[in-house]
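Novice: Submitted below is the structure of interest, expressed as C-alpha cells.
Nothing in this text is a laboratory measurement; each read-out follows from the coordinates by a stated rule. Computed from a predicted model, the values in this text were never measured in an experiment. Positions of Cβ are generated from backbone atoms using ideal geometry, with glycine treated the same way; all protein chains shown enter the neighbour counts.
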Amino acid sequence: MSNVGVVGIQWGDEGKGKIIDILSEYADVIVRFQGGANAGHTIVVGGKKVILHLIPSGILHEKKYCIIGNGVVLDPGILEQEINDLKSIGYIKDDKRLMISGLTHIIMPYHKKLDMLRESKKKNKIGTTGRGIGPAYEDKVSRMGIRVIDLLDKKMFSDMVKENLEIKNFIIKKYYKDQPFKAREIIKSYEVYRKLLKKYTTDTTQFIHKCQQEGKKMLFEGAQGTYLDVDHGTYPFVTSSNTVSGNIFSGSGAPPTSVGYILGICKAYTTRVGEGPFPTELSDETGERIRKIGGEYGATTNRPRRCGWFDAVIVRRALKLNGVKGLCMMKLDVLDEFDKIRVCTKYKLGNRFLTDPPMATTSYPKCEPVYEDIDGWNSPTRGITSYGDLPLNARKYLKRLEEIVGVNIDIISTGPERESTIVLKNPFE
Ligand code: GDP
Ligand code: IMO
Ligand code: MG
C-alpha cells in the first residue's frame with residue numbers, strides 16, 4: 001500500500017478539490033505542500049459548495065488529519081476566516097485534526113500590496129490572484145521571510161517586521177509612490193494570529209515520519225497545475241512555487257520513497273485563468289459555450305476562465321514530469337452537447353511538428369494546434385456513476401485520449417458532486 005500524490009496536469013482548476021475529498025475517505029492524513037490562498041478548491045457535498053484556499057480538501061471528513069506543510073505560504077487572515085467558516089457549518093470539531101508546520105512562511109500585508117502594485121505597473125501582466133504569493137516566496141528564498149515559528153516568538157517577530165519594512169517601505173514609497181506600512185500596526189494586527197496559529201502549530205515533518213512508520217495512509221494535495229510551475233510552466237506566466245509532484249517532498253518533509261502513486265487531474269478540455277500562452281484557447285462562441293456550461297469562473301478571484309480544447313501536447317509532458325500513474329478525467333459532462341470535439345495531438349511550428357511543448361514561452365503563440373476531430377455523444381452524462389452507462393462516443397473519446405497521452409484513466413468525473421464519479425481504479429486499493 002503506498003501513499004498517493006494528487007497534482008494538476010494543466011493550468012490549475014482541474015478539479016483537484018473534488019478528487020482529494022473523495023480519496024480522503026481512504027487516507028488517514030491529507031497534506032498540502034505548496035502554494036497558498038491563490039488556490040481555490042471546490043467541493044460539493046449534499047448540494048452545498050465549499051471552497052477551500054488553504055486548508056486541505058480532506059477536512060470535510062471527520063477523524064482525518066489535515067496538514068499545511070512547510071512548502072505553503074500561509075495568509076493567517078484567510079486561514080482564520082476558513083477555520084471560522086468551516087466551524088460554522090459543523091466541521092473541525094476537533095482542532096487537533098488541523099496541523100500547521102512551524103516552518104511555513106507567512107504572508108504579510110506588504111506581500112499583498114507589492115503583488116498588486118507590481119501587477120498594476122507591469123506592462124506584461126501575469127494576472128496574479130493578488131494574494132501576495134510571489135513576494136512571499138521571494139522573501140523565503142532571499143532568507144528574509146517570516147515563518148510561523150518566528151511569529152510565535154513575539155520579540156523575534158517584531159524585530160523581523162521592522163527589518164523587513166525598512167526595505168519594503170522604501171520600495172513602496174520611492175518606486176511605487178504609495179503609502180508605507182507602520183510596523184506597530186502590523187505587529188499589533190498579527191497578535192491575534194499568534195494566538196490562533198499557536199493552537200495548530202507542530203512539527204508536521206515529525207508527524208509525517210511517524211505516520212509513515214506506522215503505515216498510515218497519506219494523501220498529498222497539490223495546488224495550481226503543472227503549467228503554472230515556476231520551473232516547468234509557461235514562465236513568467238506562472239505561480240511562484242513548484243507545482244509538480246517533485247515538490248511533495250521538499251514541501252512536506254516526506255521522503256521521496258514514501259509516495260508510490262501519482263494521480264494526475266485534468267479536464268476533458270483545457271482552461272486557464274490569468275495571462276500567458278494557451279495554444280488551444282477558443283476565443284469564439286465555442287469557448288463561451290464551454291465557459292458557460294462548465295461554470296468556468298475562478299474559485300478565488302471569480303475571473304472568467306479562458307477555455308479551449310484538450311491539449312495532448314501539454315498533457316503528455318506533464319504526465320512524464322509528474323510521474324503520473326493514473327489520470328482523472330474531469331468534467332466530461334461539460335462536453336455533452338457538442339457535435340464535434342477536438343483534441344490537439346501536436347503543434348505545428350513553422351514547418352516542424354512538435355509533440356512536446358516548445359522550450360521558449362515566446363514560441364507558444366507561434367504554435368498552431370493540429371487537431372483530431374472526434375464525434376460528440378450528444379446525450380447527458382451528468383451524474384453517471386458506471387462506465388458502462390456512458391454513451392458509446394463518450395467511451396470512445398476517453399479511450400482515444402488514453403491512447404494519445406499514453407496513461408490510463410482511473411477516474412471519470414461527470415458532475416461536481418461527490419457521487420457523480422466513475423472510479424475504475426482507486427489508487428489506495
Ligand atoms: P481545483 O482548483 O483543481 O480544485 O478546481 P476548482 O474547484 O477550482 O474548479 C473545478 C470546478 O469544477 C469546481 O467548480 C467544481 O465544483 C467543478 N467540477 C469538478 N468536477 C466536475 C465535473 O465532473 N463536472 C462539472 N460539471 N463540474 C465539476
Ligand atoms: P488551483 O489550486 C488557476 C494563476 C493566476 C496567475 C498565476 C500567478 O485552484 O488550481 P499567483 O497569484 O499564484 O502569483 O498567480 O497563477 N493561478 C491559478 N490559476 N488555479 C489556481 O489554483 C491558481 N493559482 C494561481 O491566475 O495566472
Ligand atoms: Mg481552483
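Novice: For the range 106-195, would you read off the P(r) tail past 21 Å as a percentage of all alpha carbon pairs?
Specialist: The calculated P(r) of the range 106-195 puts 29 percent of pairs beyond 21 Å.
Novice: Sticking with this structure for a sec: List the GluC sites (Glu not before Pro) in the range 53-116 that DSSP assigns to loop (not H, G, I, E or B) and whose Cβ has at most 13 other Cβ atoms within 10 Å. Which are they?
Specialist: 62
Novice: Starting with the fewest neighbours, write out 187, 146 ranked by other beta-carbon atoms found within 10 Å of each beta-carbon.
Specialist: Taking fewest neighbouring Cβ atoms as first place, the list is 187, 146.
Novice: Please list, or write none, the lysines whose alpha carbon is within less than 16 Å of the alpha carbon of residue 154, excluding same-chain residues fewer than 8 places away.
Specialist: Once the sequence-local lysines are set aside, what remains near residue 154 is 162, 188, 195, 198, 199.
Novice: Based on Cβ point charges of +1 for Lys and Arg and -1 for Asp and Glu, what charge dipole magnitude is obtained for the range 264-423 about its Cα centre, in debye rounded to the nearest 20?
Specialist: It works out to roughly 520 debye.
Novice: Where does the charge balance sit around residue 27 when Lys and Arg score +1, Asp and Glu -1, over other residues with C-beta under 9 Å from its C-beta?
Specialist: +1
Novice: If you don't mind, there's one more thing I want to ask. Read phi for every residue in the range 74-88 and hand back ³J(HN,Hα) as whole Hz from Karplus 6.51 cos²θ - 1.76 cosθ + 1.60, θ = phi - 60°, with x for Gly and Pro.
Specialist: Running phi through 6.51 cos²θ - 1.76 cosθ + 1.60 with θ = phi - 60° gives 9, 8, x, x, 5, 4, 4, 4, 5, 4, 4, 4, 5, 5, 5 Hz.
Novice: Leaving out same-chain residues fewer than 8 places away, which aspartates and glutamates sit with a Cα under 16 Å from that of residue 155?
Specialist: Cα-Cα hits under 16 Å: 163, 185, 191.
Novice: Also, I was wondering about something else. For the charge dipole of the range 106-195, defined by +1 on Lys and Arg C-beta atoms and -1 on Asp and Glu C-beta atoms about the Cα centroid, which residue among 117, 134, 144 has the Cα displaced farthest towards the positive pole?
Specialist: Ranked along the dipole, the leading option is 117.
Novice: Go through 76, 254, 242 and say which Cα lies farthest out towards the positive end of the charge dipole of the chain; charges sit on Cβ, +1 for Lys and Arg, -1 for Asp and Glu.
Specialist: 76
Novice: What 222 nm value per residue comes from the helices of the chain, counting each DSSP H run with n ≥ 4 as -39,500 (n - 2.57) and dividing by all residues, nearest 500 deg cm²/dmol?
Specialist: It lands at -9000 deg cm²/dmol.
Novice: If you don't mind, there's one more thing I want to ask. Could you tell me the center-to-center distance, by alpha carbons, between the range 64-124 and the range 298-362 in angstrom?
Specialist: 29 Å
Novice: For the range 264-423, what is the relative contact order in percent, using Cα pairs closer than 8 Å and at least 6 residues apart in sequence?
Specialist: 25 percent
Novice: Next up: Looking at 186, 390, 304, which one has the Cα that reaches farthest to the positive end of the dipole of the chain (charges on Cβ: Lys, Arg +1; Asp, Glu -1)?
Specialist: Final value for the positive-end residue is 186.
Novice: I need the semi-axes of the equivalent ellipsoid of the range 1-54: take the C-alpha gyration tensor, multiply each eigenvalue by 5, square-root it, list largest first in whole angstrom.
Specialist: 17, 16, 11
Novice: Can I ask one more? Of the trypsin sites (Lys or Arg not before Pro) in the range 1-79, which ones lie in a loop per DSSP and count no more than 13 other C-beta atoms within 10 Å?
Specialist: The qualifying sites are 63.
Novice: Express in nm, to one decimal, how much length is gained between residue 286 and residue 366 on full extension, taking 0.36 nm for each residue of separation and deducting their alpha carbon distance.
Specialist: 26.6 nm
Novice: Hey, another quick one. Based on alpha-carbon atoms only, what is the radius of gyration of the range 264-423 relative to the globular estimate 2.2 N^0.38 Å?
Specialist: Working it through for the range 264-423, the quotient is 1.01.
Novice: Using the alpha-carbon atoms, what tilt in degrees (0 to 90, nearest 10) does helix 392-405 show relative to the longest principal axis of the chain?
Specialist: Taking the Cα atoms of the chain, the angle to 392-405 is about 60 degrees.
Novice: Further, regarding this structure: Based on the alpha-carbon gyration tensor of the chain, what equivalent-ellipsoid semi-axes (square roots of 5 times the eigenvalues) come out, in whole Å, largest first?
Specialist: Each semi-axis is the square root of five times an eigenvalue, giving 36, 26, 19 Å.
Novice: Test of understanding: ordering 14, 419 by Cβ neighbours within 10 Å, fewest first, what list do you get?
Specialist: Least to most surrounded, the residues fall as 419, 14.
Novice: Note down the magnitude of the dipole of the chain about its Cα centre, charges +1 on Lys and Arg C-beta and -1 on Asp and Glu C-beta and zero elsewhere, to the nearest 20 debye.
Specialist: Here the chain has a charge dipole of around 1220 debye.
Novice: Beyond a 25 Å Cα-Cα separation, which of these cross-linked pairs lie in this structure: 87/113; 18/325; 49/216; 18/216; 63/325; 140/320?
Specialist: Too far apart for the 25 Å limit: 87/113; 49/216; 63/325; 140/320.
Novice: Place a point 7 Å from Cα of residue 63 in the direction of its Cβ. Which residues in the range 10-34 have their backbone N less than 18 Å from it?
Specialist: 21-30
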